[in-house]
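The values are calculated or read from the model by the stated rules, or taken from the named source; none is laboratory data. Here the structure is a predicted model, which is why all the values come from computation and not from measurement. Please note: Cβ atoms are built from the backbone with ideal geometry, for glycine as well, and neighbour counts cover all protein chains shown. Accessible surface is based on the protein model in full, side chains and every heavy atom, while ligands, DNA and RNA are left aside. Shrake-Rupley method; radii C 1.70, N 1.55, O 1.52, S 1.80 Å.
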Amino acid sequence: MRPLHVLLLNEYFPPDTAATAKNAALVAGAIAQRHYVTVLAGRPSYDPTVRHRPYLWRREWQGNLTTERVGSTAFSRFRMKGRVANYLSYLALAVPRALWMRPDVVLAMTDPPIEGIVGASIAKFLGRPFVYNVRDLYPDMALAGEILHSGRWTDSWERSHRRALHSAARVIVLGEDMRERILEKGVDPARVVVVRDAVPFPEIPAAVDEAVVREIRGRFRFVIIHAGNLGFYGAWTTLIRAAQLLEHDGVGLVFIGEGAQKQQVQQAAQSCANVRFLPFRPAGELPSVMAAGDLHVVTIKKGLEGVVVPSKMYNIFAAGRPLLAVATQKAEVARWAEKCGCGLAADPDDAEQVAKSVRSVLAAPERLEHMSGEARKLAKTYDRLNELRKFVDVIEQAANG
């Protein structure tokens with residue numbers, strides 16, 4: 001087939017460090033191996049590694065990949081007013097620019113949260129196929145996380161979002177649980193495709209720094225690690241309560257990372273001697289972080305299954321580490337833990353069950369070893385390169401009707 005021109009809409013793109021920025025870069029790079037890609041992004045604002053001075057518009061080239069940036073505001077993301085200003089200024093400048101382009105396919109992600117609705121409208125105006133890569137499901141996420149309350153405005157948002165989903169030639173989601181959520185909205189199953197945020201599968205495990213491992217583990221004989229964002233979607237209260245129940249078993253709970261809920265989680269754990277908080281480690285220390293945990297936590301609050309799909313679970317699988325899924329069976333990660341034998345699953349509202357699950361492996365190192373092997377097998381099934389190829393295939397299918 002002839003090379004396509006794909007327009008990718010997402011506010012964040014490197015040097016932004018948001019997860020969607022990194023994923024957008026991976027996707028754009030994969031598509032650009034066969035086709036032409038224009039990424040329409042904003043001025044870097046999400047904890048960028050490099051900041052840009054104000055401008056109205058700028059363009060960068062690298063092979064088949066063109067990055068166009070509109071001069072949106074770049075306020076700190078930690079204040080909601082600043083983040084909303086960034087969203088609105090990006091959309092105000094990006095939409096007119098997009099309407100002047102002539103792509104073969106319009107691909108939208110979910111930054112800002114109404115990007116899918118905007119992308120569907122742009123594709124309709126241009127008469128081009130629309131592909132929607134749902135990274136986080138809105139407004140479901142905002143409602144379930146109690147960021148917004150149900151009302152006329154959120155009802156209107158949901159109706160507009162459903163129209164965008166129904167207009168898409170393909171909807172790309174991150175897991176089977178998210179696919180189930182989308183299908184509940186009446187979207188044709190044939191148009192909803194799962195492409196996972198997998199990681200490269202290392203045939204030879206990466207080297208581990210034992211000093212880093214000792215620093216993370218501290219004095220605990222058994223360590224549960226949550227490495228990643230402390231956002232609103234986690235069952236933090238249940239985890240803290242479970243840690244309290246496990247204190248006399250020599251179990252430690254270590255949080256590594258930052259997030260909007262970190263302060264609240266720290267306050268809840270003030271009286272817990274076996275709960276520690278550490279900052280993010282450099283990317284090069286990821287193998288050591290993985291090696292430090294006897295169990296690695298992925299947690300999803302009840303009601304948020306399929307609304308968010310934590311990508312960090314693929315790092316856990318690739319490292320061959322046992323998983324503790326604090327989530328209901330509606331979440332794919334909990335199903336994997338039990339059906340694939342790569343970990344444990346426990347109710348996110350039941351600290352006693354979480355503690356009981358952990359105690360079941362405290363004196364059974366052979367079970368942990370088995371889980372590690374099953375995790376590696378699962379990781380090999382979902383290698384990043386294969387998933388990116390699948391993504392490109394979906395774009396080509398959408399372009400060909």
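Listed values, structure above:
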{"quantity": "Virtual spin-label span in nm between K356 and E210, 7 Å along Cα→Cβ", "calculated": "3.9 nm"}
{"quantity": "Shape category assigned to the range 1-128 from the gyration tensor of Cα positions, a/c cut at 1.5", "calculated": "prolate"}
{"quantity": "Max mean-square fluctuation residue, GNM over the chain, Cα-Cα springs under 10 Å, options E146, E258, E332", "calculated": "E146"}
{"quantity": "Between the range 141-203 and the range 253-289, the alpha-carbon center distance in angstrom", "calculated": "30 Å"}
{"quantity": "Contact order relative to length of the chain, as percent, for alpha carbon pairs under 8 angstrom and 6 or more apart", "calculated": "13 percent"}
{"quantity": "Ranked by how many other beta carbons lie within 10 Å on average, peptides 157-169, 338-350 from highest", "calculated": "338-350, 157-169"}
{"quantity": "The range 146-240, accessible surface, carbon-and-sulfur percent (1.4 angstrom probe)", "calculated": "52 percent"}
{"quantity": "The range 305-349 and the range 367-388: distance between their alpha carbon centers, rounded to Å", "calculated": "12 Å"}
{"quantity": "Ordering of 357-367, 22-32 by packing [mean C-beta count within 10 Å, highest first]", "calculated": "22-32, 357-367"}
{"quantity": "R0 of 22 Å, Cβ-Cβ distance K302-L245: FRET efficiency to nearest 0.05", "calculated": "0.65"}
{"quantity": "Modelled FRET efficiency - R0 41 Å, W57 with A283, Cβ distances, 0.05 increments", "calculated": "0.85"}
{"quantity": "Percent accessible area from carbon and sulfur atoms, the range 36-123, protein chains only, probe 1.4 Å", "calculated": "59 percent"}
{"quantity": "Among V37, S72, V95 the positive-end extreme of the charge dipole of the range 1-114 (Cβ point charges)", "calculated": "S72"}
{"quantity": "Cβ-based net charge around E305, under 11 Å, with every Lys or Arg adding one and every Asp or Glu removing one", "calculated": "0"}
{"quantity": "Loop-located chymotrypsin sites (Phe, Trp or Tyr not before Pro) in the range 14-74, at most 12 other Cβ atoms within 10 Å (DSSP)", "calculated": "Y55"}
{"quantity": "Cα gyration tensor shape for the range 143-209, rounded if a/c is under 1.5, else prolate or oblate", "calculated": "oblate"}
{"quantity": "Radius 10 Å from Cβ of N133, net charge of other residues (Lys, Arg +1; Asp, Glu -1)", "calculated": "+1"}
{"quantity": "Using a Förster distance of 51 Å, the FRET efficiency for S271-R159 (Cβ separation, nearest 0.05)", "calculated": "0.65"}
{"quantity": "Within the accessible area of the range 269-371 (1.4 Å probe), percent carbon and sulfur", "calculated": "52 percent"}
{"quantity": "Neighbour net charge for G116 - beta-carbon separation under 11 angstrom, K R +1, D E -1", "calculated": "0"}
{"quantity": "Global form of the range 292-401, assessed from the alpha-carbon gyration tensor, a/c cut-off 1.5", "calculated": "oblate"}
{"quantity": "Accessible area (Å², per residue) of the chain, counting only protein heavy atoms and a probe of 1.4 Å", "calculated": "44 Å²"}
